[in-house]
Amino acid sequence: MLKYLQYYISSVTLLVGFYLINNGEYSPTAFLIGFSLFIILGDHFLAKDKSIDTFDFPFFLNFPIYLNSLLLLFFTFNVVWIFSDNQIVWFSDFLNYLLKTDVLHMKSTLNILDKASLIMILSLFTGIMGTVPGHELIHRKKNRFDQFIGKLLLSLSWDCTFAIEHVHGHHKNVGYEKDPATAKRNQNIYRFVLNAIIKEHNDAWNIELKELKRRGLGLITFKNNMIMGYIRSLALSLIIYLFGGIFSLFCFIICSFIAKAFLEVINFTEHYGLVRELGKPVEKRHSWNSNSRVSSLYLYNVTRHSSHHEKVSLKYWELDPYSNKAPMLPFGYLSMLYLAIFLPKLYHKTMRKNLKHWDNNFATIEEQKIIKFQLKNTII
């Protein structure tokens with residue numbers, strides 16, 4: 001039973017977060033710090049998860065993704081309500097009923113640090129409970145319901161490109177110079193994020209236009225996944241504006257952008273400094289992995305990234321940890337995320353040992369030549 005329940009950790013976190021962000025001054029800040037430390041320290045001190053369990057009831061592994069979709073939507077509206085200047089009486093009364101407290105008073109006690117923490121919390125949650133399960137679902141091409149939920153979750157970060165470029169571009173081009181999600185060694189993280197967002201958007205349009213042409217369809221059609229992606233995010237933004245006004249909308253847009261940036265930082269980490277010879281198949285050595293237990297639970301084993309690239313049809317609970325057969329990150333995903341964003345020089349320094357190990361133990365002769373060429377020509 002525990003092997004099923006462990007994947008409900010995100011659901012519990014959303015509920016705890018819901019209670020604490022409505023609990024008055026310094027509660028959101030304390031929750032952000034506690035949540036971050038829980039993952040970072042858990043990854044560091046708990047034993048690595050190198051197991052591949054068998055499950056007889058996959059419904060109970062899919063259910064937390066569906067449950068979290070509803071909880072995350074509610075959490076999003078809760079946060080944008082806090083930033084709203086509108087008197088949303090019915091929502092305030094509903095929160096009062098649920099929490100048995102005066103939420104308007106609690107809202108009035110929040111300081112600037114708490115509000116900054118709320119932005120960070122919602123951005124992290126949108127990435128962890130939105131983008132990551134969305135990534136899981138968009139790979140299930142034959143399941144229309146999962147595709148719908150996956151794209152809805154991605155609309156929270158205004159990401160209409162991911163379901164197209166990631167599936168049909170990144171998985172084909174990973175490790176190549178032209179892949180926007182593969183970072184070069186010593187590359188500036190902030191420049192990478194901006195370039196990746198722009199190039200992925202352009203690549204997604206090119207992929208979609210080719211597909212529409214192949215099917216004999218024009219640009220303006222409900223079959224255009226880029227346009228439908230815009231519509232989903234616009235519709236959600238409009239609902240938030242009607243719900244909470246301009247400040248709520250501004251909060252949502254900021255969190256969406258940060259969540260999208262977080263995704264690109266994770267992309268940066270997952271393939272940092274790794275290359276692939278043109279025309280050669282994607283292999284285990286072309287992705288960084290982590291078997292850190294807490295990160296893996298929150299991120300539905302996307303941390304087992306080599307296995308995901310090796311066979312994209314695998315469900316998250318079927319992925320192989322490849323404990324000694326694939327490149328490993330020095331720390332868990334959240335640690336690497338914070339390190340890359342806030343201490344990029346230390347990030348590059350930390351990864352040098354791992355990259356040297358990759359060069360000596362995984363890279364082919366041709367890949368070593370590509371690395372030397374990139375190091376001479378990379379704009380830092």
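Observations on the model:
- All positions within the range 309-329 that are more than 21 Å from P58 (Cα to Cα) and touching a strand residue (DSSP E or B) at 6+ places or on another chain (Cβ under 9 Å): Y322, S323, A326, P327, M328, L329
- Total residues in the range 278-287, condition touching a residue at least 60 places away in the same chain (Cβ under 8 Å) and either crowded, with 24+ Cβ neighbours inside 10 Å or within 20 Å of Y333 (Cα to Cα) (or both): 3
- Matching residues, the range 72-89, being at pLDDT 95 or above and out of contact with any Phe, Trp or Tyr (no Cβ under 8 Å at 6 or more places or on another chain): L73, V79, I82
- Scanning the range 165-188 for residues that are among the polar types (S, T, N, Q) and in a loop (DSSP other than H, G, I, E, B), we see that the one that is surrounded by the most Cβ atoms within 10 Å (Cβ to Cβ) is T182.
- Those helices (runs of 4 or more DSSP H) of the range 315-380 in which 2 or more residues are in contact (Cβ under 8 Å) with a residue 60 or more places away in the chain and over 26 Å from Y190 (Cβ atoms) occupy 365-377.
- Residue check for F55: at negative phi, of a type outside the set (S, T, Y) and either touching a Ser or Thr at 6+ places or on another chain (Cβ under 9 Å) or modelled with pLDDT of 95 or more (or both): no
- Failed condition for F63, given (1) touching a Phe, Trp or Tyr at 6+ places or on another chain (Cβ under 8 Å); (2) farther than 22 Å from H305 by Cβ; (3) not small (G, A, S): (1)
- Helices (runs of 4 or more DSSP H) fully within the range 92-164 counting 3 or more residues that are at pLDDT 95 or above and buried (at least 22 other Cβ atoms within 10 Å of the Cβ): 112-125, 132-138, 144-155
- Complete set of residues in the range 153-189 that are among the aliphatic types (A, V, I, L, M) and within 14 Å of the chain's Cα centre (by Cα): L153, L154, L156, A163, A181
- Filter pass, L5 being in a helix (DSSP H, G or I), free of Cβ contacts under 8 Å to residues at least 60 places away in the same chain and either under 20 Å from T109 (Cβ atoms) or out of contact with any Pro (no Cβ under 7 Å at 6 or more places or on another chain) (or both): yes
- Answer residue from the range 127-173, given it is without any contact (Cβ under 8 Å) to a residue 40 or more places away in the chain and of a type in the set (S, T, N, Q) and is nearest to S69 (Cα to Cα) among those: Q147
- The residue pairs whose first member lies in the range 183-205 and is touching a residue at least 40 places away in the same chain (Cβ under 8 Å) and of a type outside the set (A, V, I, L, M, F, W, C), whose second member is crowded, with 18+ Cβ neighbours inside 10 Å and assigned to a helix (DSSP H, G or I), and whose beta carbons are closer than 6 Å, counting only pairs six or more residues apart or on different chains, are N186/H348; D203/E165; D203/G169.
- Among the residues of the range 304-314, those that are part of a loop (DSSP other than H, G, I, E, B) and not charged (D, E, K, R) comprise V312, S313, L314.
- Number of residues in the range 236-263 that are of a type in the set (S, T, Y) and farther than 24 Å from H201 by Cα: the value is 2.
- Boolean, R191 is assigned to a helix (DSSP H, G or I), under 28 Å from A340 (Cβ atoms) and at pLDDT 95 or above: yes
- Residue list for the range 1-16, filter: out of contact with any helix residue (DSSP H, G or I) (no Cβ under 6 Å at 6 or more places or on another chain) and buried (at least 19 other Cβ atoms within 10 Å of the Cβ): T13
- I240 being farther than 30 Å from H348 by Cβ, crowded, with 20+ Cβ neighbours inside 10 Å, in contact (Cβ under 8 Å) with a residue 12 or more places away in the chain and not small (G, A, S): yes
- Residues of the range 34-55 satisfying the condition of being closer than 18 Å to H305 by Cβ and in a helix (DSSP H, G or I): I39, D43
- Test: residue in the range 157-171 that is under 24 Å from Y316 (Cα atoms) and among the polar types (S, T, N, Q): yes
- Verdict on N186 being of a type outside the set (V, I, T) and on the phi > 0 side of the Ramachandran plot: yes
- Qualifying residue in the range 254-277 (condition: under 25 Å from Y338 (Cβ atoms), aliphatic (A, V, I, L, M) and surrounded by fewer than 15 Cβ atoms within 10 Å (Cβ to Cβ)): yes
The values are calculated or read from the model by the stated rules, or taken from the named source; none is laboratory data. Everything quoted here is computed from the prediction, not taken from an experiment. Cβ: placed from backbone, ideal geometry, glycine included. Neighbour counts: every protein chain shown.
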